[in-house]
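The values are calculated or read from the model by the stated rules, or taken from the named source; none is laboratory data. Keep in mind that what you see is a predicted model, and the values were worked out from it rather than measured. Positions of Cβ are backbone-derived with ideal geometry, glycine not excepted, and every protein chain shown enters the neighbour counts.
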Amino acid sequence: MITLEGVQKQYSDDVAIGPVNVQIPTGGITALVGPNGAGKSTLLTMIGRLLAIDSGTVKIGQMDVSNAKSKDLAKIISTLRQENHFVTRLTVRQLVGFGRFPYSGGRLTAEDEEIISKYIDFLGLRPLEGRFLDQLSGGQRQRAYVAMVLCQETEHVLLDEPLNNLDIAHSVEMMQHLHNAARELGRTIVIVLHDINFAARYADYICAAKDGQIVAFGTAEEIMRDDLLTEIFNTPVKVIEGPNGPLATYH
Ligand code: ADP
Ligand code: MG
């Protein structure tokens, strides 16, 4: 369980995130949704301690994130940020290998190499493993970054808009990979999603943010309601019954 209590970030006099109180259950996928500027990335980076909180506490299980040693934290939580995906003369395999850093300190063991191969295969990157990142499409690169984060083998995985740059087929595929990571590998995945319909289809829980606050938390059935989504996204939304569950329509 990830527990946020009174978590706040004050960027300026007029931009503040929180105070946020929320509990993210262990296991499965929790989707963080909401309009641009709602505070999703801020919340995610504070949970993973990539951004300091001004007040409140973040706990992962019993561990207080603010006081944890970096090495201990890196073994229980990994984060894929929304931006700053550096593109360099690094191969896919080398990038994924960075995920092992908290364990290997840079010297990869045979066991690390096996684990790297496992996640390269898991994301279908085997044919691309020797390619440099600047020789990949945006979507292929995105998959390589997700493989790196999963390769860290942390119980908790935070992903900020990992479907960016992916076409529909690869978005579906990515969500199936993440679903499998949650189910088969027992991970707790918190994922910022742009598309509420992907959240409804693949997430176990949906957490909706707006204006720096969490305004709703529940299952897809609980969140996929006309009034709630219209309010969250500031535009008329109508929920219809799709072939695989509720679908939001908005234009
Ligand atoms: P989201 O990910 O939901 O789009 P963000 O967490 O990125 O939202 O941003 C929330 C709010 O905080 C926005 O109004 C944004 O402009 C502001 N913000 C984000 N980062 C900074 C920063 N480093 N300095 C000042 N304001 C920021
Ligand atoms: Mg964001």
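In the stretch 57-80, the residues that are without any contact (Cβ under 8 Å) to a residue 24 or more places away in the chain form Cβ pairs under 9 Å with partners that are in a strand (DSSP E or B) and loosely packed, with under 15 Cβ neighbours inside 10 Å, at six or more places apart or across chains, as follows: D64/T57; V65/T57; S66/T57.
Just to be sure before I move on: is K9 at pLDDT 95 or above, over 26 Å from A182 (Cβ atoms) and within 16 Å of ligand 2 (Cβ to nearest atom) in the structure I sent? In short, yes.
From the list D211, D195, D160, the one residue that fits, being free of Cβ contacts under 8 Å to residues at least 40 places away in the same chain and in the same structural domain as L43 (by TED's automatic domain parsing), is D195.
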